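The values are calculated or read from the model by the stated rules, or taken from the named source; none is laboratory data. All values reported here derive from a predicted model rather than from experimental measurement. Using ideal geometry, Cβ is built from the backbone for each residue, glycine included, and neighbour counts are taken over all protein chains shown. The protein model used for the area step is the full one, side chains on, heavy atoms only, and it has no ligands, DNA or RNA in it. Shrake-Rupley method; radii C 1.70, N 1.55, O 1.52, S 1.80 Å.
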Amino acid sequence: MKTAYIFSVLSAIHPITVEAWADLQELFVPQQLNRNDYLVREGSRVNSCYLLTEGVVRVFYNKEGNEYNKTFFMPGTFPTPLTALLSDTPSSLSFQALLPSQLIKFSYSEFRVLFEKHRCLESLMLGILEQLWIKKERHDIHMVTNDATTNYMIFRQTFPELEKLIPQYHIASYLGITPIQLSRIRAQLVQTR
């Protein structure tokens, strides 16, 4: 388990005391996913949080047999279906590894119990939620206010190495366009250089 890496990721969100870190580590369960394995399937219930330490996880929903990518999680982020977790309802989304991935899993209810003892962990959770909210809001605004080329450029800035690692149809789905449209956008950008 990459404890130094995990500590640096969490501490960058909010400082964690030595005592809180010791108690939090007790909750950690390493988890590995192979390419295309599911972390969470649509319709399943979740009671854990996840921290991605290696790999890439996509989040998608299925509508009438078609998959639509909502976002991607890279190392140092938390691929957790928050709505399902916090509302104790089945997940509307699926979370799938696009590359071999390593994660840390921990019980949300046990994590919350630690809030009373370690206020820094409650602040950490708030910081995580704030980061996820900001990311989601920015993405939603971009998707409805920008054209596909602009959104593709934002995708490349947000996920600089991802384009080299995953199939183009996943990127097209994330952008809400077809793979052919994405190919045209990429060709136009190469021509304008």
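Structure notes:
- Qualifying positions in the stretch 45-74 - open to solvent by 40 Å² or more (accessible area, probe 1.4 Å) and more than 22 Å from GLY176 (Cβ to Cβ): ARG45, ASN47, GLU54
- Within the stretch 90-108, not a single residue is in contact (Cβ under 8 Å) with a residue 40 or more places away in the chain and at positive phi.
- With respect to the conditions (1) buried (at least 18 other Cβ atoms within 10 Å of the Cβ); (2) part of a strand (DSSP E or B), ALA20 falls short on a single one, namely (2).
- Residue check for LEU10: in a strand (DSSP E or B) and closer than 22 Å to TRP133 by Cβ: no
- In the stretch 75-92, the residues that are over 27 Å from TRP21 (Cβ atoms) and crowded, with 19+ Cβ neighbours inside 10 Å: ALA84, SER91
- Some residue of the stretch 107-127 being of a type in the set (Gly, Ala, Ser), exposed (fewer than 14 other Cβ atoms within 10 Å of the Cβ) and part of a helix (DSSP H, G or I): yes
- For the stretch 147-193, taking the residues that are over 28 Å from ARG35 (Cα atoms) and not in a helix (DSSP H, G or I), the one that is least open to solvent (accessible area, probe 1.4 Å) is identified as ASP147.
- Test: ARG112 is out of contact with any Gly (no Cβ under 9 Å at 6 or more places or on another chain), among the charged types (D, E, K, R), more than 20 Å from VAL9 (Cα to Cα) and at pLDDT 95 or above: no
- For the stretch 23-32, filtered to residues that are among the polar types (S, T, N, Q) and surrounded by 13 or more Cβ atoms within 10 Å (Cβ to Cβ), the residue that is farthest from VAL57 (Cα to Cα) is GLN25.
- Among the numbered conditions (1) within 23 Å of ILE13 (Cα to Cα); (2) loosely packed, with under 15 Cβ neighbours inside 10 Å; (3) in contact (Cβ under 8 Å) with a residue 60 or more places away in the chain; (4) not hydroxyl-bearing (Ser, Thr, Tyr), the only one that ILE134 does not meet is (3).
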